[in-house]
1. From the list 21, 30, 61, 56, which one is touching an Asp or Glu at 6+ places or on another chain (Cβ under 9 Å) and β-branched (Val, Ile, Thr)?
2. In the stretch 26-73, how many residues are over 23 Å from residue 14 (Cβ atoms), of a type in the set (Val, Ile, Thr) and surrounded by fewer than 12 Cβ atoms within 10 Å (Cβ to Cβ)?
3. Counting just the residues of the stretch 13-25 that are open to solvent by less than 80 Å² (accessible area, probe 1.4 Å) and either at pLDDT below 95 or among the aliphatic types (A, V, I, L, M) (or both), which one comes out nearest to residue 73 (Cα to Cα)?
Amino acid sequence: AGQDKEDYVSFSNFKYPPIVTATVVNIAGTTAGSDASVILKSISEGRADFVVRFGTSGTTTIGVNLIAVGIPN
């Protein structure tokens with residue numbers, strides 16, 4: 001509990017920083033996965049940095065769905 005995992009997603013062909021949304025998918029179906037949240041740290045034309053914060057301790061497998069919408073380059 002209280003642990004953070006930082007990661008990023010790279011993308012291309014945006015003229016300006018896109019609008020980005022991110023959600024956690026609890027693949028394992030565990031309590032630890034249900035109590036995870038994703039926080040976007042920074043967004044640029046080619047990258048979105050985020051942190052996944054776990055509120056409950058335990059082993060889990062999660063995914064992060066990220067959608068980026070913007071003006072193409």
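The values are calculated or read from the model by the stated rules, or taken from the named source; none is laboratory data. Predicted model only: the values in this text are computed from it and were never measured. Neighbour counts run over all protein chains shown; Cβ positions are idealised from the backbone, glycine included. With ligands, DNA and RNA removed, areas are computed over all heavy atoms of the protein, side chains included. Shrake-Rupley method; radii C 1.70, N 1.55, O 1.52, S 1.80 Å.
1. Only one candidate qualifies: 56.
2. 2
3. Here is the first cut: in the stretch 13-25, the ones open to solvent by less than 80 Å² (accessible area, probe 1.4 Å) are 14, 17-18, 20-25.
Imposing the further condition that a residue be either at pLDDT below 95 or among the aliphatic types (A, V, I, L, M) (or both) reduces the set to 20, 22, 24-25.
Working: 20: 17, 22: 22, 24: 29, 25: 30 Å.
Looking at residues that are open to solvent by less than 80 Å² (accessible area, probe 1.4 Å) and either at pLDDT below 95 or among the aliphatic types (A, V, I, L, M) (or both), I get 20.
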